[in-house]
1. I want to confirm something. Restricting to the range 41-60 and keeping residues that are of a type in the set (A, V, I, L, M) and in contact (Cβ under 8 Å) with a residue 12 or more places away in the chain, which single residue is least open to solvent (accessible area, probe 1.4 Å)?
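The values are calculated or read from the model by the stated rules, or taken from the named source; none is laboratory data. Computed from a predicted model, the values in this text were never measured in an experiment. Here the Cβ positions follow ideal geometry from the backbone for every residue, glycine too, while neighbour counts run over all protein chains shown. Side chains are part of the model used for accessible areas, which takes the heavy atoms of the whole protein and leaves out ligands, DNA and RNA. Shrake-Rupley method; radii C 1.70, N 1.55, O 1.52, S 1.80 Å.
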Amino acid sequence: MLRKYGLIGILLLTVIVLSIVSDSFLTVTNLMNVLRQVSINGILAVGMTFIILTAGIDLSIGSLMAVAGVIAA
């Protein structure tokens, strides 16, 4: 059971400790900021999952993100 749910337990323990230590950890502003920062990696992960599942393995996503960042800047 520890092997199956160990990581979830550690995550919950970390959230509990951080919410006790910091007053601004479980606020809507902080959660929205974290979701905003993670959304780019989540979108890329979904796209890479579809590419890998269709056997068109392409691992050049890092270079494409760098080019997109340069163009956007």
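1. MET48
Matching residues to (1) within 17 Å of the chain's Cα centre (by Cα); (2) surrounded by 10 or more Cβ atoms within 10 Å (Cβ to Cβ); (3) under 30 Å from MET65 (Cβ atoms):
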| position | (1), (2), (3) |
| --- | --- |
| LYS4 | no, no, no |
| LEU13 | no, yes, no |
| LEU18 | no, yes, yes |
| ASP23 | no, no, no |
| THR27 | no, yes, yes |
| MET32 | yes, yes, yes |
| SER39 | yes, yes, yes |
